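What follows is a set of notes on a single structure, which appears directly below.
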Amino acid sequence: MAVEMPQPAATPMAARELQGLLTNYRRTWRASIFSSVLAPLMSLVALGMSLGKIVDAGPGAHTFGTVDGQPVKYLLFLAPALMANTAMQTAIGESTYPVMSAMKWQKTYHAAIASPLSAFDVYLGHVMFIGLRVLMNCGIFLGTMALFGAVEAAGPAGIGPLLALPAAVLTGLAFAAPVVAWAVLQERDTGFSVVFRFVMIPLFLFSGTFFPVSQLPALIRPLAYVTPLWHGVDLCRGLALGSATAGSVLLHVGYLAAVVIAGLWYGARTFRRRLNP
Amino acid sequence: MAQITSADAPLIKAVGLRKVFPPAKRGGEPFTAVDGVDFELRRGEVFGFLGPNGAGKSSTMRMIGCVSPISGGELTILGMDPRVDSSRIKARLGVVPQEDSLDLELRVRENLLIYGRYFGLKRAEIAERTAELLEFVQLADRAESTVEPLSGGMKRRLTIARSLINSPEILILDEPTTGLDPQARHVVWDRLFRLKQAGTTLVLTTHYMDEAEQLCDRLVVMDHGRIAAEGSPRDLIERYSTREVLEIRFAPGSGDHESALAKAEGLIGTGERGSIDRLEELPDRILLYSDDGEAALAAVHGSGITPLASLVRRSSLEDVFLHLTGRTLVD
Ligand SMILES: Nc1ncnc2c1ncn2[C@@H]1O[C@H](COP(=O)(O)OP(=O)(O)OP(=O)(O)O)[C@@H](O)[C@H]1O
Ligand SMILES: [Mg+2]
């Protein structure tokens, strides 16, 4: 149950959970930051820079769209999509084992709900924390993109690549909200490796990160369109390259926001069921 | 609105309180863990729940702690309804759950910091309370240690310190000393006693009779989700047991135990000196309840029973428990 009456000058309940997780993160960040930024960085170097040179010189150079009549370089096509993937991977990583630990191993969720926090506050605080983690990792990734020449001024006032950052956070939340809600129900961690192998990897490969979804066989193309990752990839890319239209931005933001809201609705239920039996 | 409770109003009042868990599987039976209990917690007292495994003690504690919705009856805590005001109630409670829920990766001090923040306390206030509380539970020198490697007793003391961060009016302790060595238990008892002296109201569950006798002003014995008896430890012993108990043991497998049992039954309610009120059979001994244990022993010998060993002692809560639940408390 959430508090009905606001307490003036007191930190909102969910923000208290967020603070707790940040205090914890201050002690444990070293292990996580490396892996969550390193993997997409390797893709950027291996594919964007090396393969990119071949692709840009070949007959398929126009496959990746045009901006101002010029074909988009593969590195620029790939990099913002990898940022959306960083968002997804960070979000899923933070939404699985840490949730199980807080629920079953260390029981820190149970500790939190004995205080004025409700089960929903704890859930919301955790999703907010993951949003911050996504912002951090994607921010670092964007900085690295710039170092590797994968960022060019585009869009309104040339800040398109920066606008891709909040888009990546929204993409991350679209994974975090439902995955945290689901993870709290898990009795064992076997479901997590299923998610890593059969959700995260296929999405990574087939959601338009490495090639436009239009290249997929017509039969499976609609599948790509319903995944949040495709919306995130297309949104980040469109913003970073300055090629996004108002309509496409609205569609993608609307879709991702709807997934977040559906996730929150589900999480309110699963957390209450598990923490207030 | 925070409700004003008058000084003598009970801090917690439960009437016909029930907890029914939904079936684990579809088509299964719902499970009634707490089946209509009534109790009142008065300001400044230590109130205990005794009961065998599965009696419903933790389920009751969790309802009082506002983390488990009640399934029936009425529950009022600090004058408020947990269904409406759980957050406000929880702000004034301290909870030591049956299972520790510490953040093992963090330092001792950081655990208290996070918990204090949950209650919306300011950092400076938390730092001050932390120093006091760690001193109080004798962990001041471990403030900067990671929690993981601490001993069970230290973790329990840390959990108690954490539960006090908001200076609670009611402290709920679910088996505060289970799994601790005797030394550690005595430290915990001492601290709980000091809290009571300082005016904190305590509700606790325990499997230890000595703990209940030492700490509790009043207690209830729970069994199968119901309250079997209520009173002060002394009351309960007077009401449900005799002054003394004679314990007799026999060589295992000799058959003496069984034959003695039959003979001893003949000594019940004879009205003579050494007459026994009733007896309880345990796997390894027979307990004979009498107001005069030595006379009962003489009567036992007189009836031709020759125990391998015998012991006369005063009745304890354990005997009350055994009588009411038909079980010993040793798990
Ligand atoms: N979430 C739950 N869902 C279903 N049944 C439950 C749940 N929690 C407890 N129970 C059942 O309710 C009964 C009472 O459990 P409870 O934990 O209240 O007992 P207890 O008196 O605290 O026992 P112990 O001394 O072992 O801690 C048990 O049979 C238990 O299996
Ligand atoms: Mg219990």
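The values are calculated or read from the model by the stated rules, or taken from the named source; none is laboratory data. A quick note: this is a predicted structure, and the numbers were derived from the prediction, not measured. All Cβ positions, glycine included, derive from the backbone under ideal geometry; neighbour counts span all protein chains shown.
Within the range A:211-250, the set of residues being farther than 25 Å from A:ILE92 by Cβ, in a loop (DSSP other than H, G, I, E, B) and polar (S, T, N, Q) comprises A:SER243, A:THR245.
Residue-by-condition table, conditions (1) within 18 Å of the chain's Cα centre (by Cα); (2) in a helix (DSSP H, G or I); (3) away from every other protein chain (no Cβ under 14 Å):
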{"position": "B:SER101", "(1), (2), (3)": "no, no, no"}
{"position": "B:ASP141", "(1), (2), (3)": "no, yes, yes"}
{"position": "B:LEU150", "(1), (2), (3)": "no, no, no"}
{"position": "B:GLY179", "(1), (2), (3)": "yes, no, yes"}
{"position": "B:ARG191", "(1), (2), (3)": "yes, yes, yes"}
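Scanning the range B:66-101 for residues that are in contact (Cβ under 8 Å) with a residue 60 or more places away in the chain and within 12 Å of ligand 1 (Cβ to nearest atom) yields B:PRO97, B:GLN98. Residues in the range A:150-191 that are modelled with pLDDT of 95 or more, in a helix (DSSP H, G or I) and not aliphatic (A, V, I, L, M): A:PRO166, A:THR171, A:GLY172, A:PHE175, A:PRO178, A:TRP182. Apart from one condition, B:ALA251 fits all of (1) surrounded by fewer than 20 Cβ atoms within 10 Å (Cβ to Cβ); (2) within 17 Å of the chain's Cα centre (by Cα); the exception is (2).
Screening the range B:53-99 for residues that are in a loop (DSSP other than H, G, I, E, B) and among the polar types (S, T, N, Q) and picking the one that is nearest to ligand 2 (Cβ to nearest atom) gives B:GLN98. All conditions in (1) away from chain A (no Cβ under 14 Å); (2) modelled with pLDDT of 95 or more; (3) within 14 Å of ligand 2 (Cβ to nearest atom) hold for B:GLY16, with the sole exception of (3). Between a residue in the range B:172-185 that is under 15 Å from B:GLN98 (Cα atoms) and touching a residue at least 60 places away in the same chain (Cβ under 8 Å) and any residue that is within 16 Å of ligand 1 (Cβ to nearest atom) and among the polar types (S, T, N, Q), which pairs come within a Cβ distance under 6 Å, given they are 6 or more apart or on different chains? Close Cβ pairs satisfying both conditions: B:ASP174/B:SER58; B:ASP174/B:GLN98; B:ASP174/B:THR205; B:GLU175/B:GLN98; B:GLU175/B:THR205.
Residues that are at the interface with another protein chain (Cβ under 10 Å from one of its Cβ atoms) and small (Gly, Ala, Ser) within the range A:73-124 comprise A:SER101, A:ALA102, A:ALA111, A:ALA112, A:ALA114, A:SER115, A:SER118, A:ALA119, listed in sequence order. Set side by side, the residues B:LYS57, B:LYS90 differ, and just one is under 25 Å from B:THR178 (Cα atoms), more than 13 Å from chain A (Cβ to nearest Cβ) and surrounded by 21 or more Cβ atoms within 10 Å (Cβ to Cβ), which is B:LYS57. Considering only residues that are more than 22 Å from B:GLU125 (Cα to Cα) and of a type in the set (S, T, N, Q), look in the range B:155-192 and name the one that is nearest to ligand 2 (Cβ to nearest atom). Among residues in the range B:155-192 that are more than 22 Å from B:GLU125 (Cα to Cα) and of a type in the set (S, T, N, Q), the one nearest to ligand 2 (Cβ to nearest atom) is B:THR178. Check the range B:20-34 and report whether any residue there is touching a Lys or Arg at 6+ places or on another chain (Cβ under 8 Å) and surrounded by 20 or more Cβ atoms within 10 Å (Cβ to Cβ). Scanning the range B:20-34 turns up at least one residue that is touching a Lys or Arg at 6+ places or on another chain (Cβ under 8 Å) and surrounded by 20 or more Cβ atoms within 10 Å (Cβ to Cβ).
Of all residues assigned to the range B:23-41, at least one qualifies as being within 16 Å of ligand 2 (Cβ to nearest atom) and farther than 14 Å from B:MET222 by Cα. If the condition is being surrounded by 15 or more Cβ atoms within 10 Å (Cβ to Cβ) and among the hydrophobic types (A, V, I, L, M, F, W, C), then the range A:131-147 contributes A:LEU132, A:VAL134, A:LEU135, A:MET136, A:CYS138, A:ILE140, A:PHE141, A:LEU142, A:MET145.
Applying the set (1) part of a helix (DSSP H, G or I); (2) within 16 Å of ligand 1 (Cβ to nearest atom); (3) not basic (Lys, Arg) to B:GLY28 leaves exactly one unmet item: (1). Does A:LEU117 satisfy the criteria of being aliphatic (A, V, I, L, M) and crowded, with 19+ Cβ neighbours inside 10 Å? It is true that A:LEU117 is aliphatic (A, V, I, L, M) and crowded, with 19+ Cβ neighbours inside 10 Å. Within the option set A:THR96, A:THR108, A:THR86, being touching an Asp or Glu at 6+ places or on another chain (Cβ under 7 Å) and buried (at least 16 other Cβ atoms within 10 Å of the Cβ) holds for one residue only, A:THR108. So is B:LEU121 part of a helix (DSSP H, G or I), within 14 Å of chain A (Cβ to nearest Cβ) and more than 19 Å from B:MET61 (Cα to Cα) or not? For B:LEU121, the condition - part of a helix (DSSP H, G or I), within 14 Å of chain A (Cβ to nearest Cβ) and more than 19 Å from B:MET61 (Cα to Cα) - is not met.
Looking across A:SER248, A:SER207, A:SER214, one residue alone is surrounded by 15 or more Cβ atoms within 10 Å (Cβ to Cβ), under 24 Å from A:GLY155 (Cβ atoms) and more than 18 Å from the chain's Cα centre (by Cα). It is A:SER248. Exactly one residue out of A:PRO80, A:PRO116, A:PRO98 is closer than 27 Å to B:TYR115 by Cα, of a type outside the set (Lys, Arg) and in a helix (DSSP H, G or I), and it is A:PRO98.
The set of residues from the range B:193-208 being touching a helix residue (DSSP H, G or I) at 6+ places or on another chain (Cβ under 8 Å) and in a strand (DSSP E or B) comprises B:LEU202, B:VAL203, B:LEU204, B:THR205, B:THR206.
Taken together, the residues in the range A:58-77 that are modelled with pLDDT under 80 and part of a helix (DSSP H, G or I) amount to 3.
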